[in-house]
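The values are calculated or read from the model by the stated rules, or taken from the named source; none is laboratory data. Since this is a predicted model, take the numbers as computed values, not measurements. Here the Cβ positions follow ideal geometry from the backbone for every residue, glycine too, while neighbour counts run over all protein chains shown. For the accessible areas, the whole protein counts, side chains as well, though only heavy atoms, and no ligand, DNA or RNA atoms are used. Shrake-Rupley method; radii C 1.70, N 1.55, O 1.52, S 1.80 Å.
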Amino acid sequence: MAGGFLRLEGGGESLVFLIPDVGAPVLAYWGPDLGGAEAFGALSRLDDRAVPHGGLDDGEALNWLPEAGHGFTGHPALIARRGESELVSQMAVRAVDADGASAAVTLRDDLAGIEVVLTLALDAATGVLTSRAEARNLGPGPLALDWLAAGAFASPHAELMLFDGRWAREFAPVRQTLVTGLMVKENRTGRTSHHAPPFLVAGEPGFGEARGEAFGLHLAWSGDHRMFAERLRDGRIQLQAGELLRPGEIVLAEGEAYATPALYLARSAAGLNGLSDRLHPFVRDTILGGRLKGKTRPVHYNTWEAVYFDHDVARLQGLADLAAGVGIERFVLDDGWFLGRDDDTTSLGDWRVDPVKYPHGLKPLIDHVLGLGMEFGLWVEPEMANAESELIRAHPDWVLGIEGRRQPLGRRQYVLDLTRPEVSDAIFAQIDALLAEHPIAYLKWDMNRDLTHAVSGGRAAVHRQTLAVYALIDRLRAAHPGVEIESCASGGGRADYEILRRTDRIWTSDCNDPIERQSIQRAFSIFFPPEVMGAHVGPEAAHTTGRVTSLQMRAFTAFFGHMGVEADLTGFTPGRRAELREAIALHKAWRGVLHAGRTVRLEHPDPGLMAHAAMAEGRALVCAAQVETPRTAGLAPLRIAGLDADATYSLRQLNLPRRPPASMKHVPAMARGETLSASGAMLAHAGAPLPLLRAGEIAVLLLERQDA
Ligand code: GLA
C-alpha cells in the first residue's frame, strides 16, 4: 500500500492523502479541485520536510491518526491500555478501499493487536468531509480505550474561533490565537453543552464573514467530548476531536470495536459565509436527509413564558384563540400538563395527563386547537425523573449511578438509566401511548440537567446513555413517523448534527431577548441553517434579562428562524396583536426564501449594528438590527455581499416605521416607503442606505431581482 495516494474529490475541492510506509495517511493537500491529471508525485516531494536537530531522526509524522509509537510527541490520536501498560502501536496501512469520493483505510498492528479503520467521505455536492475512526481489539485479552480521535487535522492556521456560552447565552464565539501548547474545549456534562459546544473554526489571521481561508470542524455527538488545538514543538498545528471517555468506559473484548462519532470538516476560501455555504446544504441534504425540504415550517405558539406551570384549560383555549388570530399554525403545550406538575420539583417520569388541571384529559384543549386550524405539540423530558414522582417511588434504582451514592440533584431531578432496556421500554411505552391517544404533531424533547454519576452496571456510561437516548428517539420516530421533534436542553444545550439527524428543530436558547438573540443566532447560523433554528417572539420585558424591547425588534429577530411566539398574548393590546399578525404574515409570505436560501452574515463598521441576509431565487431579505447605540452620529451604508453583481435589484424596507422616526432630520427615501433600484455590484460596494437606527431598532429590507 505504501507510496500510494488517496484522492478525494467533491464540491469543487480536492483532498490528497499520501500513504506512507508506516503510520496513517498524511493529508498533503486540501484546496480547490486539482483537476484531472495532476502529478501527485510532486506532493510527496513537497511533503519532504526538514528534520530539525534535537528530536528523533525521522522527525514526527503529523498524519490523520498520529501515534506515540511512531515517535509523535504531540497528543496522540489513540491512547489505549492492555493490562497495566499503555499500548505502543506502530500501525501501517494494510488496505485502502476508495472510490474517488470516499475511502476506508485499514491500519493494523498485529503485534499490538489493534486495527483501526478510518472512513473518510467527501460530499460530492458540498465538499464537506466526514471522518470517523473505528478501533478493533485483535487481542490477546481486553483493550481499554482512553482516547480515539475521529481524525487529526493539520491546520495551516493558528487563529481559532471557539464557542463559549451558558444557559440563555449560547453560541458565544471567542477568538484566540494558538501560540503554544494545547487549547482544549472539554465537555463533561453528558449533553452537547452550553459552554463547550463541539464547533471550531481555524482560519487565516483576521478571517471574517466573507474573507480569509477558514476550516470549520464539528464533532457530531450529544455526550461528552474533547476538542483541542495543539501547537507542536516544531510549529505545526493539529486539531483533534473525539468523545471524552471516562476511565474504564470503553474496554474492548477480543474482536470488539469502538467507533468514534463523526467529525465534519469544511474548508472555505471565503470566510465564515463560505463555510455556511457548504455546511447548510450539507445539513439539509445529508444530516436531515432532505426531510425538511419544501416542508413548510409552521409558525409556533409556545405556552412556556405565557403561563409556566399554571395550566387552566379555559385560559389556554383563550390563548389558542389569540394565537390563531395572529396567524399561528402550531400550538405547543409546554411543561406543566402532567400528573401533579405544579412547579419544577415534581412529576418528571409520570407522563400522564394531570387530572386536576385537565379533568377531561387533553382532548378539550386539543380539539379546540385543531378546530382553530392549528397543529398541536407537547413538551416532554423523557430522560428524566424527579425524585418526587411515582416512577422513582416505584423504581428508585432506575437512575444512573452507583450503589451507595446518589446523584446530586439538578432542577430536583435525576437522569434515568436508559441503557437498561426495562427503563427505556417503560418511558417508550408512556410517550408512545400519549402519541397514540392524541393527535400530536410535535414533541418538544427537553433535557434539563447535566449528567453526574453517569454509571450503569458499575461502568461509566455517558457513551451508552447517549446511544440509548438516540435509540429511544429513533424508536419513537419509527413508531410515529409523522411526529416532528425539537431538540431542547435548557435552551440550546443539545445542538449538534447527530441529534439533528433525528430531530427537526433546535431550541436555540431560552433567551427570547432579541438583543441577545441577534448574536446567539448569528453564531448558531455558521453551522446550522435557519429553518431548524427555533426563534420566538417573547414578552416586552424579556424574562431572562429584564430588557424591554420593541415588538418590531422581537418579531423581526424571530422572523429569520423557525418563527414562533412565546408570550401571554392577553397582555398585548389589539394594536400590538395586529402588528404581530403583520410580521407573521410577512414571515409566511417570505419563508420560502428564509428557510431554503443562503445565509449571508454581513459586516458593518458600527459594532452595534448586526446585519445578515437570507437569499434565494433572486430575492434577499436583509436584517439590520441595532443592538447598541451607534458609535457615530451617522450610520454608514450597509454593503450587501452575496448578490449577483450584474443583476439589478429593487429594494424596499419591509417594516416601515409607523410614525416618522424622530431620530433623523432627513429620513432616507427607503424608510419613507420608496423603492430603490441598484445593481448587485453597487449594493456590494456602495451599499444600501440605512435609516438612523437607535439601539433596539431594526430595519428589514426586501431585495428582488428585476430581470428574474
Ligand atoms: C427548559 C426549556 C424551556 C422550557 C422549560 C420547561 O428550560 O429550555 O424552554 O421548556 O424547560 O420546564
Worksheet entry | Residue ID - farthest from residue 698 (Cα to Cα), chosen from residues in segment 615-631 that are at pLDDT 95 or above and part of a loop (DSSP other than H, G, I, E, B) | 618
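With the requirement that a residue be within 13 Å of the ligand (Cβ to nearest atom) and either in contact (Cβ under 8 Å) with a residue 60 or more places away in the chain or open to solvent by 10 Å² or more (accessible area, probe 1.4 Å) (or both), what does segment 528-548 give you? Outline the logic, then answer.
If we filter segment 528-548 for residues that are within 13 Å of the ligand (Cβ to nearest atom), which is where we start, we get 534-536, 538, 543-544.
Correct list: 534, 536, 538, 543, 544.
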Worksheet entry | Given (1) modelled with pLDDT under 95; (2) open to solvent by less than 10 Å² (accessible area, probe 1.4 Å), index of the condition residue 517 fails | (1)
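Looking at the structure I just gave you, is residue 599 closer than 30 Å to residue 329 by Cα and either within 29 Å of the chain's Cα centre (by Cα) or assigned by TED's automatic domain parsing to the domain that holds residue 281 (or both)? Talk me through it step by step, then tell me what you get.
Details: closer than 30 Å to residue 329 by Cα: yes; either within 29 Å of the chain's Cα centre (by Cα) or assigned by TED's automatic domain parsing to the domain that holds residue 281 (or both): yes.
When the stated conditions are applied, residue 599 passes them.
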Worksheet item: If residue 596 passes every condition in (1) open to solvent by 60 Å² or more (accessible area, probe 1.4 Å); (2) more than 19 Å from residue 297 (Cβ to Cβ) but one, which one does it miss?
Response: (2)
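Being aromatic (Phe, Trp, Tyr) and crowded, with 21+ Cβ neighbours inside 10 Å, is that true of even one residue in segment 455-471? Please lay out each step first, then the result.
Let us first name the residues in segment 455-471 that are aromatic (Phe, Trp, Tyr), namely 470.
Now restrict to residues that are crowded, with 21+ Cβ neighbours inside 10 Å: none.
No, segment 455-471 contains no residue that is aromatic (Phe, Trp, Tyr) and crowded, with 21+ Cβ neighbours inside 10 Å.
When you check residue 501 against the structure, is it closer than 20 Å to residue 595 by Cα, touching a residue at least 60 places away in the same chain (Cβ under 8 Å) and within 16 Å of the chain's Cα centre (by Cα), yes or no?
Numbers: closer than 20 Å to residue 595 by Cα: yes; touching a residue at least 60 places away in the same chain (Cβ under 8 Å): yes; within 16 Å of the chain's Cα centre (by Cα): yes.
In short, yes.
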Fill in: Pairs with Cβ under 7 Å, 6+ apart, first in segment 318-337 and without any contact (Cβ under 8 Å) to a residue 60 or more places away in the chain and in the same structural domain as residue 371 (by TED's automatic domain parsing), second open to solvent by 10 Å² or more (accessible area, probe 1.4 Å) and more than 16 Å from the ligand (Cβ to nearest atom)
320/368; 320/372; 321/372; 324/372; 324/373; 329/298; 329/375; 337/353
Fill in: Residue pairs meeting the criteria (Cβ under 6 Å; at least 6 apart or on separate chains; first small (Gly, Ala, Ser), in segment 3-26; second open to solvent by less than 20 Å² (accessible area, probe 1.4 Å) and outside any loop (DSSP other than H, G, I, E, B))
10/122; 24/107
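Which of the residues spanning segment 302-325 are touching a strand residue (DSSP E or B) at 6+ places or on another chain (Cβ under 6 Å) and either within 16 Å of the ligand (Cβ to nearest atom) or of a type in the set (S, T, N, Q) (or both)? Quick ask: steps written out before the conclusion?
Here is the first cut: in segment 302-325, the ones touching a strand residue (DSSP E or B) at 6+ places or on another chain (Cβ under 6 Å) are 302-303, 320, 323.
Once the filter is applied, which keeps residues that are touching a strand residue (DSSP E or B) at 6+ places or on another chain (Cβ under 6 Å) and either within 16 Å of the ligand (Cβ to nearest atom) or of a type in the set (S, T, N, Q) (or both), segment 302-325 yields 302, 303.
Within segment 205-275, which strands (runs of 3 or more DSSP E) (wholly inside it) include 1 or more residues that are among the acidic types (Asp, Glu)? It would help to see each step written out before you state the result.
Working: elements: 214-220, 225-231, 237-243, 250-252, 257-259, 262-268.
Here the list reads 225-231, 237-243.
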Practice prompt. Name every residue in segment 378-395 that is open to solvent by 40 Å² or more (accessible area, probe 1.4 Å) and assigned to a strand (DSSP E or B), in order of residue number.
Written response: 388
Practice prompt. Could you identify the single residue in 192, 130 that is touching a residue at least 60 places away in the same chain (Cβ under 8 Å), more than 24 Å from residue 61 (Cβ to Cβ) and within 23 Å of the chain's Cα centre (by Cα)?
Written response: 192
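How many of the residues in segment 329-349 are of a type outside the set (Phe, Trp, Tyr), open to solvent by less than 10 Å² (accessible area, probe 1.4 Å) and either outside any loop (DSSP other than H, G, I, E, B) or more than 16 Å from the ligand (Cβ to nearest atom) (or both)? Show your work before the answer.
Keep residues of segment 329-349 that are of a type outside the set (Phe, Trp, Tyr), which gives 329-330, 332-336, 339-349.
Then drop every residue that is not open to solvent by less than 10 Å² (accessible area, probe 1.4 Å), which leaves 330, 332-336, 341, 347-349.
If we keep only those that are either outside any loop (DSSP other than H, G, I, E, B) or more than 16 Å from the ligand (Cβ to nearest atom) (or both) too, we end up with 330, 332-333.
Going through segment 329-349 one residue at a time, the tally reaches 3.
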Item to complete: Answer yes if at least one residue in segment 555-566 is closer than 24 Å to residue 262 by Cα, touching a Leu at 6+ places or on another chain (Cβ under 9 Å) and open to solvent by less than 10 Å² (accessible area, probe 1.4 Å), and no otherwise.
Response: no
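Working carefully through the options 519, 525, 490, 456, find the one that is within 16 Å of the ligand (Cβ to nearest atom) and of a type in the set (S, T, N, Q). So that I can check it myself, show each step before the final result.
Numbers: 519 fails: within 16 Å of the ligand (Cβ to nearest atom); 525 fails: within 16 Å of the ligand (Cβ to nearest atom); 456 fails: within 16 Å of the ligand (Cβ to nearest atom).
Selected residue: 490, the only one of 519, 525, 490, 456 that is within 16 Å of the ligand (Cβ to nearest atom) and of a type in the set (S, T, N, Q).
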Discussion item. Given the options 365, 378, name the one that is assigned by TED's automatic domain parsing to the domain that holds residue 312 and under 29 Å from the mean Cα position of the chain (by Cα).
Written reply: 378
